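Structure first, then comments.
The values are calculated or read from the model by the stated rules, or taken from the named source; none is laboratory data. Worth saying up front: this structure is predicted, and the values here are computed from it rather than measured. Cβ atoms come from the backbone with ideal geometry, glycine included; neighbour counts cover every protein chain shown.
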Amino acid sequence: MGNLTQDQLLRLAERMRDRKALLMAEIRGALSQTARSQYVDLLGVGGDAADESVASLLRDITESEVVRDVGEVRDIVAAEQRLAAGRFGTCIDCESPIDAKRLEAYPTAKRCLSCQQHREKTRAASKYTGR
């Protein structure tokens, strides 16, 4: 597990667990709110066109936030799986240890900084060139 002490691993695992619980609560709240607003829509209790426009925008924002939160939960679950398998803190590309400072800042990191930068450059180039 790279260059991390047992204490560091425990702290990171706790942070991820707490963050996952917070995200799950936010997701449940957003989905509950969405269900309530859909019920109101079915009842036809809406306002004028401007109200409907604002409501639509808020639904879109909420949906985007839920998608982002679900992605973060998936990253946390994957990191927890790497932790359980003894691979946490090891780059998935080059198998080098991920720097402890990087993991403190971004506990779900699955690549070392060098490999992550390379991936971002490669993806940015292919995004704009179509390759």
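Overview of results
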{"read-out": "First in segment 101-113 and more than 15 Å from residue 3 (Cα to Cα), second anywhere and of a type in the set (Asp, Glu), Cβ under 6 Å, 6 or more apart", "value": "108/75"}
{"read-out": "Residue check for residue 84: at pLDDT 95 or above and over 16 Å from the mean Cα position of the chain (by Cα)", "value": "yes"}
{"read-out": "Some residue of segment 49-63 being at pLDDT 95 or above, of a type in the set (A, V, I, L, M) and surrounded by 13 or more Cβ atoms within 10 Å (Cβ to Cβ)", "value": "no"}
{"read-out": "Positions within segment 81-97 being out of contact with any Pro (no Cβ under 7 Å at 6 or more places or on another chain), assigned to a loop (DSSP other than H, G, I, E, B) and of a type outside the set (S, T, N, Q), in sequence order", "value": "85, 86, 87, 88, 91, 92, 93, 94, 95"}
{"read-out": "Residue 78 being at pLDDT 90 or above, of a type in the set (A, V, I, L, M, F, W, C), closer than 25 Å to residue 10 by Cα and over 20 Å from the mean Cα position of the chain (by Cα)", "value": "no"}
